[in-house]
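The values are calculated or read from the model by the stated rules, or taken from the named source; none is laboratory data. What you see is a predicted model, and the numbers here were worked out from it, not measured in a lab. Cβ: placed from backbone, ideal geometry, glycine included. Neighbour counts: every protein chain shown. Side chains included, ligands, DNA and RNA excluded: accessible areas come from the protein's heavy atoms. Shrake-Rupley method; radii C 1.70, N 1.55, O 1.52, S 1.80 Å.
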Amino acid sequence: MTTSNLTRRKFLAAGSALGALSQLPGWTLAKEAMPRRRIPGTDESLPIIGLGSSKPVSQIADRGPGPITEVLRALVEGGGSVVDTWPRNPTNDAVLGEVINLPDLRDDLFVASKIDRTGREAGLEQFAETLQLYQRERIDLLQIFSLTDLDTHWKTLRQLKDDGKVRYIGVTVASESLYAELAAFVGREQPDFVQINYSITERAAESRMLPMLADRGIGVIINRPFMNGDYFARLGDRPLPGWTAEFDCESWAQFLLKYILPHPAVTCVLTETSNPSHMAENARAALGGMPDEAARERMREFINGV
Ligand SMILES: NC(=O)c1ccc[n+]([C@@H]2O[C@H](COP(=O)([O-])OP(=O)(O)OC[C@H]3O[C@@H](n4cnc5c(N)ncnc54)[C@H](OP(=O)(O)O)[C@@H]3O)[C@@H](O)[C@H]2O)c1
């Protein structure tokens, strides 16, 4: 991804957003480009909303390339670029590789992948498959999935970074049960990124892990913002409280994202969706006002009562 491409994309995104969103209430918010956060220790920044692609990629076999293509277009049109994925099913992943290399997408995506197999050779093999399936010579971010075979793969990731095969390296967790192991790891190593679960309904990372990652100068990518959809099930058909308009909140999805985004440790939040209009709605959560600490407390109290 280059600066000139980013500038071109922002310009095009602003133009198309004005066209499409002028039909919607609150359209003036779309005049803003998506805010970005700096990757600690670098001059590079990332847009603050990204896509977790597991669901739309797993649906490729049944639904074809259409939904993942349109979701990625909605991400880019909304000013986003980060897509988190990793190879699991070669048939689906080969299609994903075609889609992320479409002319209107390929220069605008920051592609994050993972290793989830055990053993050095298996990890290297999975990375080689990633490059081949995604038609890339290098990957923006390579992560160790859920700390799998951590010490083995960490050596591999450091070597791949030294060799220029990956730009950034990191690890993921999606459960509090791995926080102790994660804390020990970031106490002795310096990953560029940690991906961790955090939401208004799953706040365990708030007290220790997020401050620790910020102190250590590590980029933070959030996963499971909607608890894989359980958040929406828990809310049912409750109406959005009127006071959420104070921070330009239009939906329950934005309520959740606007709770996460003000946290100073957070670099980017991955939202998973197979629905392009949900992707656009999630991207718009980055725009307009954000709750201050008093409003965040009110949001917590509200959700605790649900
Ligand atoms: N250990 C790991 O490395 C790990 C583990 C878990 C997750 N992750 C990463 O984190 C990403 C996200 O986490 P997650 O998988 O738990 O998913 P999530 O983002 O917490 O929730 C996804 C669910 O929310 C729904 N949704 C999304 N936007 C919506 C909106 N605006 N309105 C209504 N519903 C909406 C989606 O349904 P629709 O399709 O209908 O929109 C989907 O069912 C994953 O894709 C993956 O990249 C990593």
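For this structure, a couple of remarks:
- Total residues in region 86-116, condition within 15 Å of the ligand (Cβ to nearest atom) and not in a helix (DSSP H, G or I): 12
- Every residue from region 58-68 that is assigned to a helix (DSSP H, G or I) and either touching a Ser or Thr at 6+ places or on another chain (Cβ under 6 Å) or within 8 Å of the ligand (Cβ to nearest atom) (or both): 67
- At least 1 residues being away from the ligand (no atom under 15 Å from the Cβ), within 17 Å of residue 119 (Cα to Cα) and touching a residue at least 24 places away in the same chain (Cβ under 8 Å) is the threshold, and among the helices (runs of 4 or more DSSP H) wholly inside region 143-215 those reaching it are 150-162.
- Residue in region 234-256 that is aromatic (Phe, Trp, Tyr) and under 15 Å from the mean Cα position of the chain (by Cα) present: no
- Matching entry among 146, 199, 207 (being within 17 Å of the chain's Cα centre (by Cα) and open to solvent by 30 Å² or more (accessible area, probe 1.4 Å)): 146
Conditions (1) more than 13 Å from the ligand (Cβ to nearest atom); (2) farther than 26 Å from residue 82 by Cα; (3) of a type in the set (Gly, Ala, Ser); (4) touching a Cys at 6+ places or on another chain (Cβ under 8 Å), marked per residue:
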site: 230; (1), (2), (3), (4): no, no, no, no
site: 234; (1), (2), (3), (4): no, yes, no, no
site: 237; (1), (2), (3), (4): no, yes, no, no
site: 247; (1), (2), (3), (4): yes, no, no, no
site: 255; (1), (2), (3), (4): no, no, no, yes
site: 266; (1), (2), (3), (4): yes, no, no, no
site: 271; (1), (2), (3), (4): no, no, no, no
site: 290; (1), (2), (3), (4): yes, no, no, no
site: 296; (1), (2), (3), (4): yes, no, no, no
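- Scanning region 245-253 for any residue that is touching a strand residue (DSSP E or B) at 6+ places or on another chain (Cβ under 7 Å) and crowded, with 21+ Cβ neighbours inside 10 Å turns up nothing.
- In the set (1) closer than 15 Å to residue 270 by Cα; (2) away from the ligand (no atom under 13 Å from the Cβ), residue 132 fails one condition alone, (1).
- Residue selected from region 117-139 under the condition assigned to a loop (DSSP other than H, G, I, E, B) and either open to solvent by 50 Å² or more (accessible area, probe 1.4 Å) or of a type in the set (Phe, Trp, Tyr) (or both), by the criterion nearest to residue 152 (Cα to Cα): 118
- So residue 69, is it of a type in the set (Ser, Thr, Tyr), in contact with a helix residue (DSSP H, G or I) (Cβ under 9 Å, 6 or more places away or on another chain) and open to solvent by 10 Å² or more (accessible area, probe 1.4 Å): yes
- Out of 81, 58, 45, one residue alone is touching a helix residue (DSSP H, G or I) at 6+ places or on another chain (Cβ under 9 Å) and surrounded by fewer than 23 Cβ atoms within 10 Å (Cβ to Cβ). It is 58.
- Residue count for region 273-306 satisfying the condition of being in a loop (DSSP other than H, G, I, E, B), at pLDDT below 95 and not small (Gly, Ala, Ser): 1.
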